[in-house]
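Below you'll find the structure, written out as structure tokens, and then a few comments.
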Amino acid sequence: MKRIVLLGASGSIGDQVLDIVEDHPDQYVIIGLSVGRRVEKLAAYLRSHDVPYACVQYEEDRKALEVEFPNTVFFSGDEGLKKMSELQCDLFINALVGFAGVVPTLTAIKTGNTIALANKETLVAAGELVNQALQENNVKILPIDSEHSAIFQCIQNAPSSDVKRLIITASGGSFRDRTREELANVTVKDALSHPNWSMGSKITIDSATMMNKGFEVIEAHYLFDLPYTSIDTIMHRESIIHSMVEFKDHSVLAQLGQADMRIPIQVALSHPERLEMQRDNRLDLLKVGTLHFEELSHERYPLLALAYRVGKAKGALPCVMNAANEVAVSRFLKGEISFLDIERIVIGMVDAYENHPITSVDQLIQIDQETREKALLF
Ligand code: NDP
Ligand code: MG
């Protein structure tokens, strides 16, 4: 039995992790769960499962749950997430969204837990610190993001010197068939209708701006130890090939499957073994028929270009880009700014920042906080 701690259990990835756990009751047991505000989801789970530890965002929710579930130890807030990350387990799954995932990942690494990572913002904002901590603690990260799961499966244990290039595929997001001029008046509802995937609202907007693909380039750089010049992106509308690896002998390996996150989630949970999939999500290539590939233009998607530039620059800039983006996306979702304002804020704030190296997580937290305050008014 693998003992699992899952952060972000009420989200899109969290839900699907619980699906896979339910599918294999003889393989997995949840020993810790966290949610943010959606405490009803946590309560529903606790009514049918014994879970020793749980965490919620707000203190008042914690107090109410402690009355109903006296056999569970509850924590709350950021401090609570840190406590959850100190629990010894066989797999620590980070499915939080945003910078909130950084300290839990770093803490779980120090605890010595193997990590299954959905929270890509961890590697975007804190990639250098995370890789250093992984080495110091001899800990592994298993990717959940579908592109990185694909690369992970293709690359196996090949040394990075065998790899010529990673080719990260992109569906193109909600606005792949619109010109830049047509983006001026798009609505929140338009932006939230992703053609291939059903995901949390933040990553759905990140997919429409292509910030998500930029984040994935940085994520790949840290996970697979390759320079940015060896990481390419390509638009692939069908989302059937989840990414590819080109080796130095020009052999190219791809991983294919239906666009269902439960596949990469199960790959991460069962690693290094494979388990029978209990869901109806087999790939039927005859139904798919044709696969298409198009250039992902850096002019059409300036946030993708920005991510390459910021990734190469390292230091504080990736954290600034991430924080500015989180605030801009949240303001767009609230209807306060237009879709193109997201780019304006993120690029503007990165360009206004004097870059410098990062030496500690406390420094990163301060930069994140200061950038958020400025991005609210930018
Ligand atoms: P959701 O918004 O659906 O879920 C996010 C989870 O994090 C929720 O459980 C939420 O709690 C919790 N949370 C958010 N902020 C806080 C906080 N400050 N304190 C405590 N808990 C918090 O996101 P997704 O599941 O879509 O995405 C999760 C991560 O996975 C992201 O980094 C995303 O980029 C990545 N990812 C997602 C994919 C997908 O298909 N969804 C695909 C690939 C990567 P609550 O809702 O209860 O407030
Ligand atoms: Mg992805």
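Report summary: the helix-based calculation at 222 nm, which adds -39500 (n - 2.57) for every DSSP H run with n ≥ 4 and divides by the residues of the chain, gives -14000 deg cm²/dmol.
Note down the magnitude of the dipole of the chain about its Cα centre, charges +1 on Lys and Arg C-beta and -1 on Asp and Glu C-beta and zero elsewhere, to the nearest 20 debye.
On the way: 37 positive and 52 negative charges, 30 e Å.
Charge dipole, the chain, about its Cα centre: 140 debye, nearest 20.
Net length available on complete extension from Glu79 to Asp225 is 49.4 nm, with 0.36 nm assigned per residue and the Cα-Cα distance removed.
Enter the per residue convex hull volume of the stretch 62-217, computed from alpha-carbon coordinates, in Å³ rounded to the nearest integer. If you can, show how the numbers build up before the last one.
On the way: hull volume 25.2 nm³, N = 156.
Cα-based convex hull of the stretch 62-217, divided per residue, equals 162 Å³.
Each residue of the stretch 55-70 is assigned a 3J(HN,Hα), and the resulting list reads 9, 10, 6, 10, 4, 5, 5, 4, 4, 5, 5, 4, 5, 6, 10, x Hz, derived from the Karplus form 6.51 cos²θ - 1.76 cosθ + 1.60 (θ = phi - 60°), x at Gly and Pro.
Suppose a student asked you for the relative contact order of the chain, using Cα pairs under 8 Å spaced at least 6 residues apart; what percent would you report? Please report the intermediate quantities before stating the final value.
On the way: 677 pairs, mean separation 56.1, N = 378.
With pairs under 8 Å counted, the relative contact order is 15 percent.
Averaging sequence separations of C-alpha pairs under 8 Å and six or more residues apart, then dividing by the length of the stretch 242-284, give the relative contact order as a whole percent.
Values: 27 pairs, mean separation 13.7, N = 43.
After rounding, I find 32 percent.
With all protein chains present, how much of the accessible area of the stretch 182-283 (probe radius 1.4 Å) comes from carbon and sulfur, to the nearest whole percent? C and S fraction of accessible area: 48 percent.
The length gained on full extension between Asn71 and Arg282, counted as 0.36 nm times the residue separation minus their Cα-Cα distance, comes to 72.0 nm. Modelled spin-label separation between Ala305 and Glu60, with each label point placed 7 Å from Cα along the Cα-to-Cβ direction: 4.8 nm.
Taking 7 Å steps out from each Cα toward its Cβ at Thr179 and Gln27 produces label points 4.9 nm apart.
Quick one: what do you get for the stretch 235-378 if you divide its Cα Rg by 2.2 N^0.38 Å? Don't jump to the answer; show the numbers that get you there.
Values: Rg = 19.9 Å, N = 144, 2.2 N^0.38 = 14.5 Å.
Rounded to two decimals, the normalised Rg is 1.37.
Go ahead and run the numbers for FRET between Ala44 and Asn137, Cβ-Cβ distance against an R0 of 35 Å, rounding to 0.05.
On the way: r = 35 Å, r/R0 = 1.00.
So the FRET efficiency works out to roughly 0.50.
When only Cα pairs below 8 angstrom with a gap of at least 6 residues are kept, the stretch 25-121 shows a relative contact order of 21 percent.
Which FRET efficiency, nearest 0.05, do Leu256 and Asn355 yield, Cβ-Cβ r, R0 45 Å? Don't skip to the end; give the middle numbers.
Working: r = 39 Å, r/R0 = 0.87.
Rounded to the nearest 0.05, the efficiency is 0.70.
Computed over the chain, the percent of Cα pairs more than 40 Å apart is 10. With all protein chains kept in place, the per residue accessible area of the chain amounts to 44 square angstrom at a probe of 1.4 angstrom.
Between Asp249 and Lys314, the contour length at 0.36 nm per residue exceeds the Cα-Cα span by 20.4 nm.
The values are calculated or read from the model by the stated rules, or taken from the named source; none is laboratory data. Predicted model, so just to flag it, every value in this text is computed and none were measured. We place every Cβ from the backbone using ideal geometry, glycine too, and count neighbours over all the protein chains shown. These accessible areas exclude ligands, DNA and RNA; they are computed on the full protein's heavy atoms, side chains included. Shrake-Rupley method; radii C 1.70, N 1.55, O 1.52, S 1.80 Å.
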